[in-house]
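The values are calculated or read from the model by the stated rules, or taken from the named source; none is laboratory data. This is a predicted model, so every value here is computed, not measured. FYI the Cβ positions are ideal-geometry reconstructions off the backbone, even for glycines, and counts take in every protein chain you see.
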Amino acid sequence: MRHTISVLVENEFGVVSRVASLFSSRGFNIDSFIGAPTNEEGLSRITIVTRGDESILEQITKQLNKLIDIIKVIDFSDGSGIEREMALIKVAAEDESRAEVLRIADIFHAKIIDVTPRSYTIEATGNPAKIDAILELLRPLGLRELVRTGAITIGRGAKGWAG
Amino acid sequence: MQNTHTISVLVENEFGVLSRVASLFSARGFNIDSLDVAPTNEEGMSRITIVTHGDENVLEQITKQLNKLIDVIKVIDFSDGSCVEREMALIKVSAEDRDRAEVLRIVDIFRAKVIDVTPKSYTLEVTGSPSKIDGILELLRPLGLKELVRTGAVAIGRGAKGWKG
């Protein structure tokens, strides 16, 4: 099963590698992992997308809660969050395929962020399935490079994580 | 010299590669501003984007050591600015009474999207260079930021060539 977990941590050296190694030491593969600053000074937010056994994940969550740098663990596996991802996609675009790339970008409300006579670089955002869909359409045209951020998640409703 | 550096590391999807890469930085007292790991177009390969700041010579050492790790395929240093850098943020902001219109005006100017609405708040999705994200946050902060989730920056090289050249 796919799980999305947000972890609020203090900006201490080494907290990223400690959190990552909690997963890898249990053989939990990480699909994507993001650590970035939040609005609160000295606080970062780690978003992890992972796959694996529910009971092992529960153990990991408990151990995360015990780490001294960790302020809060939020499990979005129930689908209660809004999930978004960004991808930068460099795709070959020559002759006829130039117009086709632009049509696809238009349909997905993506932006062109770099142009050469032989390629477009596209910025696409949406839930991870939408990113997968645009990639599937662009792949036959020739993907030169792909950089995804991995998913980030925010809770629905008016309340912040602090409640 | 304390400069901001953006580094991309292409790695094989092996268990533990992320913590090995991250600990190379932390062991040298290099703080990581943001870190992104996600799959690439090539099966079995992930891309790590790290934004960090610190001494140039120490960073060069780290880059050399990264290149020695067996799971690391390529290290790209974008510190010279030869790339397009983008970040995404999800922002939950208070929006009551008159503030509702003001939030929507800011959304419009920054070409952001509203992705969740309640009678007391808007949740926004915004993309751009990290400084553009900082710009919208500065305008929204006085209205009351309830929650902020950033991806950290990702970078892609300019021009027609992919990372393989």
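Structure values in brief
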{"item": "Neighbours by Cβ (under 6 Å, 6+ apart or cross-chain): first from region B:111-123, at positive phi; second surrounded by 13 or more Cβ atoms within 10 Å (Cβ to Cβ) and in a strand (DSSP E or B)", "result": "none"}
{"item": "Identity of the residue in region A:24-35, at the interface with chain B (Cβ under 7 Å from one of its Cβ atoms) and over 12 Å from A:G150 (Cα atoms), that ends up nearest to the chain's Cα centre (by Cα)", "result": "A:N29"}
{"item": "Breaking point among (1) under 28 Å from A:S6 (Cα atoms); (2) outside the structural domain of A:S21 (by TED's automatic domain parsing); (3) touching a strand residue (DSSP E or B) at 6+ places or on another chain (Cβ under 8 Å), for A:I46", "result": "(2)"}
{"item": "Residues located in region B:28-62, provided they are of a type in the set (G, A, S) and at pLDDT below 85", "result": "B:G29, B:G54"}
{"item": "Among the candidates B:R150, B:R158, residue that is within 22 Å of A:E41 (Cα to Cα), of a type in the set (D, E, K, R) and facing chain A (nearest Cβ under 10 Å)", "result": "B:R150"}
{"item": "Enumeration of residues in region A:108-157 that are crowded, with 20+ Cβ neighbours inside 10 Å, at the interface with chain B (Cβ under 8 Å from one of its Cβ atoms) and assigned to a loop (DSSP other than H, G, I, E, B)", "result": "A:T149, A:G150"}
{"item": "Subset of region A:79-107 that is basic (K, R) and more than 20 Å from B:G152 (Cα to Cα) - its residue that is nearest to the other protein chains (Cβ to nearest Cβ)", "result": "A:R98"}
{"item": "Pair list, Cβ under 6 Å, 6 or more apart: region A:43-59 residue farther than 13 Å from A:V73 by Cα, other residue small (G, A, S) and in a strand (DSSP E or B)", "result": "A:V49/A:S32"}
{"item": "Some residue of region B:54-72 being at positive phi and either in the same structural domain as B:S8 (by TED's automatic domain parsing) or in a strand (DSSP E or B) (or both)", "result": "yes"}
{"item": "Qualifying residue in region B:5-16 (condition: of a type outside the set (G, A, S), free of Cβ contacts under 8 Å to residues at least 24 places away in the same chain and facing chain A (nearest Cβ under 8 Å))", "result": "yes"}
